[in-house]
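See below for the structure under consideration.
Here, each number is a calculation from the coordinates, and none is a lab measurement. Note that this is a predicted model, so its numbers are computed, not measured. Note: ideal-geometry Cβ built from the backbone for every residue, glycine included; neighbour counts use all protein chains shown.
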Amino acid sequence: MVYTSFSEGGPGVSLALTRDFKHFDHYGLILPPEDKDAALFPRRFGGHWAIIHRPVPASGSAHIWISFSPDLRHWGSHRVLLPARRGAWWDARKIGLSTPPIETAAGWLILYHGVRMTASGCLYRIGLVLLDREDPLKVLYRSDEWIFGPLAPYERIGDVQDVVFPTGAVLGADGDTLQVYYGAADTSVCLATASLRKLLDFLPAHSYLGTT
């Protein structure tokens, strides 16, 4: 598993190994600061592990990147997987991974957060991306509309206002109910549910792959 850790240079991506989720071997930083919002794909592609992450450049705009490794230690072949859009889009300022990739028959479903700057601060919303099942570099669909945003009082008012930030998702026993755990206003931990089938049906009709 990978997680965000902190160092003198800021947040970075660290790795821990476990067989039982009770005992962990902490390897340490694998992607240096400033970098976070990372998750591993649960299987390899062409013998290489793949990780999605979000480095933050000095320019201020932040995109979703993907990198590959033969051994989980040495990472390379870095490239932008999904750029933040420009202009008045809901995901125009910066974007980053939310939950780990979800494998479906149609491809890898990605929930990602987009940040739009407003006069009163940042507004966080959630969108969808579908990647090819065998080639995660290939983006099949990217939602033009956001699907989940801060509406309830506990999502709009808190330590950081107007934030919903999913970090984990569990598929129910029925194979369709997706339980999404998310942070609300950096104050509460909440649960939302959605139909996986409806999310996958939504994407082809609401997809835009442009960057502007």
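Within the stretch 86-212, all pairs of alpha-carbon atoms sorted by distance into 5 Å bins from zero give the percentages 2, 11, 20, 24, 20, 14, 7, 2, 0. Based on alpha-carbon centroids, what's the gap between the stretch 46-124 and the stretch 147-164 in Å, whole number please? Spelled out, the Cα-based centre of one part sits 21 Å from the other. Across the options Phe202, Pro166, Thr18, the greatest Cα extent toward the positive end of the charge dipole of the chain (unit charges at beta carbon of Lys, Arg, Asp, Glu) belongs to Phe202. Report note on the peptides 29-39, 78-88: ranked by the mean count of other C-beta atoms within 10 Å, highest first, their order is 29-39, 78-88.
Inter-label distance, His206 to Thr177: 2.2 nm, where each label sits 7 Å from its Cα along the C-beta direction.
Computed from the Kirkwood radius of its Cα pairs, the Stokes-Einstein diffusion coefficient for the stretch 1-82 at 37 °C and 0.692 mPa s stands at 249 µm²/s. Rounded to the nearest 20, the Cβ-based charge dipole of the chain about its Cα centre (Lys and Arg +1, Asp and Glu -1) stands at 360 debye. Taken about its Cα centre, the stretch 16-118 carries a charge dipole of about 280 debye when Lys and Arg each add +1 at the Cβ and Asp and Glu each add -1 at the Cβ. Translational diffusion coefficient of the stretch 126-178 (Stokes-Einstein, Kirkwood radius from Cα pairs, 10 °C, 1.306 mPa s): 116 µm²/s. Taken over the chain, the alpha-carbon convex hull comes to 142 cubic angstrom per residue.
Over the stretch 145-205, what lengths in whole Å, largest first, do the semi-axes of the equivalent ellipsoid take, defined as the square roots of 5 times the eigenvalues of the alpha-carbon gyration tensor?
On the way: eigenvalues 113, 40, 11 Å².
After scaling each eigenvalue by five and taking roots: 24, 14, 7 Å.
As a rough guide to protection, the peptides 197-210, 96-109 ranked by mean Cβ packing within 10 Å, highest first, stand as 96-109, 197-210. Along its first, second and third principal axes, ordered by size, the stretch 93-156 spans 42, 22, 18 Å in Cα coordinates.
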